[in-house]
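The values are calculated or read from the model by the stated rules, or taken from the named source; none is laboratory data. Please read these numbers as outputs of a predicted model, since none were measured by experiment. When we count neighbours, we look across all protein chains shown, and the Cβ atoms used for this are built from the backbone with ideal geometry, even at glycine. Please note that ligands, DNA and RNA were not included when accessible areas were found on the heavy atoms of the full protein model with its side chains. Shrake-Rupley method; radii C 1.70, N 1.55, O 1.52, S 1.80 Å.
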Amino acid sequence: MISKKHLMVIDPAVVEPAIESYNRIATIAPFPVTYHLPALYGTGSLGMYNDNVRGIIVLGSAASVNDDHKWQQNISDIMVDASSKGIPVLGLCYGHQLIGHTYGGKVGPLWSGEKKQGKRVIHLAQSKLWGESCSGPLLYSHQDGITTLPPDFDIIASSDMVSVDAIASTTEPVWGFQTHPEATQAFVDNHGIPVGDARDSFKFGHRLLDTFILSLK
């Protein structure tokens, strides 16, 4: 049992865990970080959620938030309880969609056919967490997205490809990005994302992610 306040990284992977992304987060964070793989190894470790959690990051997954898995409901319950207590929650790709689904929005296909992968420029609005408005490239790999915004959420980033590219609650510390700011080279390789040099995406994405992590001190 971890007695110090820790960051929970919940990885809903059903095929390939994002271990390199987790390791990078653990290296950046100036506090303990725990790693949870509920879809692959069961929900037992989610029992570490308690008042010693200082923040939650929910990563991507090949699963759909509309599948209604038990482990998905467990994550949703944790997110809702945490945010109601003022514990910050950040969802990335699947995590972003799960926020939309859990807090009363709708998630569905954004286009017909297979998922799309690549790199796109998002335009992030000014915010208390990330500061002045900015734009930058981020990696993506998805088909679904938020089609109806949950109540009490604002769109804080958009792109030419996706109108709801990032969201923020207006009442609780909850944020979501449809893209993958946590991505590393292993993520690119494992998902076969057709990009050449992705270092600009890593630099921009990691800056966004690290700002969230370091705000949890």
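Values as computed for the structure displayed
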{"item": "N50 versus S112: modelled label distance in nm, points set 7 Å from Cα along the beta carbon direction", "result": "5.3"}
{"item": "For the stretch 131-217: rounded, prolate or oblate by the Cα gyration tensor [a/c cutoff 1.5]", "result": "oblate"}
{"item": "C-alpha center-to-center spacing [the stretch 106-124, the stretch 47-69] in angstrom", "result": "21"}
{"item": "Amide H partners (placed H, <5 Å) of V33, local residues excluded", "result": "L7"}
{"item": "Rounded to 5, the percent of DSSP beta bridges in the stretch 52-158 classed as antiparallel", "result": "85"}
{"item": "1.4 Å probe accessible area per residue over the chain, in Å²", "result": "44"}
{"item": "Phi-based couplings in Hz for the stretch 109-118 (Karplus 6.51, -1.76, 1.60; Gly and Pro marked x)", "result": "x, 8, 7, 7, x, 6, 5, 10, 9, x"}
{"item": "Pairwise FRET efficiency - S215 versus D152, Cβ, R0 = 22 Å, nearest 0.05", "result": "0.60"}
{"item": "The stretch 60-217 - percent relative contact order, Cα under 8 Å, separation 6 or more", "result": "24"}
{"item": "Accessible surface of the stretch 51-120 [probe 1.4 Å, protein heavy atoms]: carbon and sulfur percent", "result": "46"}
{"item": "Rounded to the nearest 10 Å², the accessible area of I19 at probe 1.4 Å", "result": "90"}
{"item": "Beta bridges by DSSP in the chain, antiparallel share as percent, to the nearest 5", "result": "60"}
{"item": "Carbon plus sulfur fraction of accessible area for the stretch 159-208, probe 1.4 Å, in percent", "result": "49"}
{"item": "Derived scalar couplings ³J(HN,Hα) [the stretch 84-100; Karplus, 6.51 cos²θ - 1.76 cosθ + 1.60; whole Hz; x for Gly, Pro]", "result": "5, 9, x, 7, x, 10, 10, x, 10, 6, 4, x, 4, 5, 5, 4, x"}
{"item": "Other-chain or far-sequence residues with amide H under 5 Å of V53's (modelled H)", "result": "H6"}
{"item": "Estimated [θ] at 222 nm from DSSP helical runs (n ≥ 4, -39500 (n - 2.57)) normalised by residues in the chain, nearest 500", "result": "-8500 deg cm²/dmol"}
